[in-house]
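Every number here is computed from the coordinates shown, using simple stated rules; none is lab data. If you're wondering where the values come from, they're calculated on a predicted model, not measured in any experiment. So basically every Cβ, Gly included, is an ideal-geometry build from the backbone, and we count neighbours across all protein chains shown.
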Amino acid sequence: MAAVRRNILTDETARKNYVQGVKLLKQEQLGPTTADLGIPGPPVQVSTYDLFVAWHHLAMDTFTPPTQSDRNAAHRGPVFLPWHRFMLVLLELQLQRVLNDADVGLPYWDWAADGELDPDEQPASPVWADDGMGGQGSPITSGPFAFDAADPASWRVRVAANVQGQLRATNRGLRRAFGQSVQTLPTQADVAAALELSDYDAPPWSTQSDGFRNRVEGWRPLESAPGLHNRVHVWVGGDMLPSSSPNDPVFYLNHCNEDRIWTAWQERHPTSLYLPDQNAPQELQGHRIDDAMHSLLTNPVTPRQMLDPSDFYTYDTLAVS
Amino acid sequence: MKRSELARAATAEAIVERVAEQGAQLPRQDQGHDHGHGMPMESTREATYYGHHIVIRTTYHIEVDGTPIEGHLGVTNDGQVHYHAVPNLSFASAVDLVKQLIDTFPEDFEAGTDPHGHGQGS
């Protein structure tokens with residue numbers, strides 16, 4: 001039976017399972033070290049959770065094609081949505097494994113609902129409560145991921161990007177700084193406008209494209225960017241800003257909601273196909289429908305294989321705006 | 001794709017094995033970029049207009065307190081500047097971009113910090 005992904009603010013069991021699961025993955029060390037990830041310095045064991053942090057960074061560090069510096073193997077191009085769906089499915093499978101429950105689904109944060117609050121009220125949303133994801137700070141000091149220097153089991157950032165765009169080993173608490181670079185979260189009207197777009201993507205297949213993918217990723221409209229997905233990263237701030245943003249478990253709540261929006265769009269536009277198809281030029285390799293995506297697995301997985309996730313999960317509701 | 005198919009392939013052991021396989025191929029994170037320390041960052045924009053092929057190469061030399069900033073920086077055809085280390089933002093001004101870097105990576109701008117991130121953090 002497929003897992004059901006639920007709203008973290010209305011389903012206490014989904015929240016508890018998620019917090020417990022990511023903490024177990026954060027503690028699980030199966031052998032890989034920072035040296036295996038190309039990180040200089042004395043080798044330090046990295047957790048299963050941190051392998052996903054590194055994967056996200058390395059995919060972002062892989063330009064497609066390498067002769068340009070806009071599209072990468074997971075962002076700023078058509079593969080953005082299927083790649084992140086794949087990443088979330090892989091993490092969800094790991095959560096199910098460590099929780100020994102194949103029905104556990106990732107929760108989502110319906111950030112557009114919080115975007116309807118007054119700007120001053122948005123940092124006080126229940127998602128940031130002690131019994132939610134905790135609050136802001138450098139490091140954060142409340143909630144399940146609060147840092148306690150005396151407690152080695154408290155949530156610690158162990159692999160993070162630096163200003164040169166490289167991964168480094170570290171050992172510190174999680175950081176968030178709400179509303180610093182943008183004051184508000186995306187709104188339900190922003191989501192509704194994205195759902196109206198009937199084309200999945202369009203030339204030049206980048207941050208300048210008109211189409212649903214680029215709108216959800218958050219590069220358009222330019223005058224109000226960052227939008228949707230990007231805006232949530234930027235509003236949360238702190239560790240949600242660099243390429244190592246999966247360090248914050250809120251990363252997955254954001255992407256789960258964005259995936260829910262994509263699922264709602266797929267239902268609304270059943271005849272709109274993923275683009276580009278496999279006849280597109282070689283320079284779009286990594287983004288065409290049957291190209292292998294940047295992966296943590298040996299077996300290739302393609303965007304086409306991620307278009308119908310119904311055997312993995314469903315959502316409790318596709319009411320997104 | 002069927003859940004059973006991916007679940008079989010996505011064991012923790014398989015992920016670890018893949019990391020080990022790829023590890024030797026990964027660029028060391030202090031050598032991974034195609035320009036060396038102190039080298040400028042070049043961004044190339046290309047477009048076609050009425051059959052004419054346009055190429056614009058823009059070179060950036062960025063320093064903060066004398067320390068070079070050397071990650072991937074690009075300019076898109078709409079003139080927006082973006083930088084690999086803050087992937088969810090683009091800027092009309094490279095100065096605003098660098099201000100964002102200072103806000104986002106405070107430890108990289110503290111006195112005595114190795115500007116290239118070598119070695120362990122604290």
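Structural remarks
- Computed on chain A, with alpha-carbon pairs under 8 angstrom and 6+ residues apart, the relative contact order is 22 percent.
- Base-10 log of normalised Debye intensity for the protein assembly as shown (one unit scatterer per alpha-carbon) at q = 0.10, 0.14 Å⁻¹: -0.66, -1.47
- Neighbouring partner chain Cβ atoms per residue of A:25-38, average, 10 Å criterion: 4
- For segment B:36-109, the Stokes-Einstein estimate of translational diffusion at 10 °C and a viscosity of 1.306 mPa s comes to 119 µm²/s, using the Kirkwood hydrodynamic radius over alpha-carbon pairs.
- Packing-based exposure ordering (other Cβ within 10 Å, fewest first) of A:Asp118, A:Asp70, A:Asp130: A:Asp118, A:Asp130, A:Asp70
- Ranked list, fewest to most other Cβ atoms within 10 Å of each Cβ, for A:Val89, A:Val53: A:Val89, A:Val53
- Inter-label distance, A:Asn299 to B:Ala7: 1.3 nm, where each label sits 7 Å from its Cα along the C-beta direction.
- Listed by chain and number, the lysines placed with their C-alpha closer than 26 angstrom to that of A:Lys16 are A:Lys26; residues fewer than eight positions away on the same chain are left out.
- Electrostatic tally near A:Pro186: other residues with Cβ closer than 11 Å to its Cβ, Lys and Arg +1, Asp and Glu -1, net -3.
- Cα gyration tensor category, rounded, prolate or oblate, for segment A:187-288 with a/c compared to 1.5: prolate
- Sequence-distant residues sharing a close amide H with B:Val64 (under 5 Å, placed H): B:Ile69
- Between A:Glu28 and A:Ala192, the simple label model (points 7 Å from Cα in the Cβ direction) yields a spacing of 4.2 nm.
- Normalised contact order of segment A:143-263, rounded percent, pairs of Cα under 8 Å and 6 or more residues apart: 23 percent
- Those aspartates and glutamates that a straight Cα-Cα span of less than 16 Å connects to B:Lys2, excepting residues fewer than 8 apart in one chain: A:Glu92, A:Asp103, A:Asp308, A:Asp311
- For segment A:29-35, putting each phi into the Karplus relation 6.51 cos²θ - 1.76 cosθ + 1.60 with θ = phi - 60° gives couplings of 10, 9, x, x, 10, 4, 4 Hz, in residue order, rounded to whole numbers and with x for Gly and Pro.
- Relative contact order (%) - segment B:51-94, alpha-carbon pairs under 8 angstrom, separation at least six: 22 percent
- Placed amide H near A:Gly173: partners under 5 Å, 5+ positions off or other chain: A:Val157
- Averaged over peptide A:68-76, the number of partner chain Cβ atoms lying within 10 Å of each residue's Cβ comes to 4.
- For B:Tyr60, B:Tyr49, order by how many other beta-carbon atoms lie within 10 Å, fewest first: B:Tyr49, B:Tyr60
- With the simple spin-label model, which puts each label point 7 Å out from Cα in the Cβ direction, the B:His52 to A:Ser310 separation comes to 5.3 nm.
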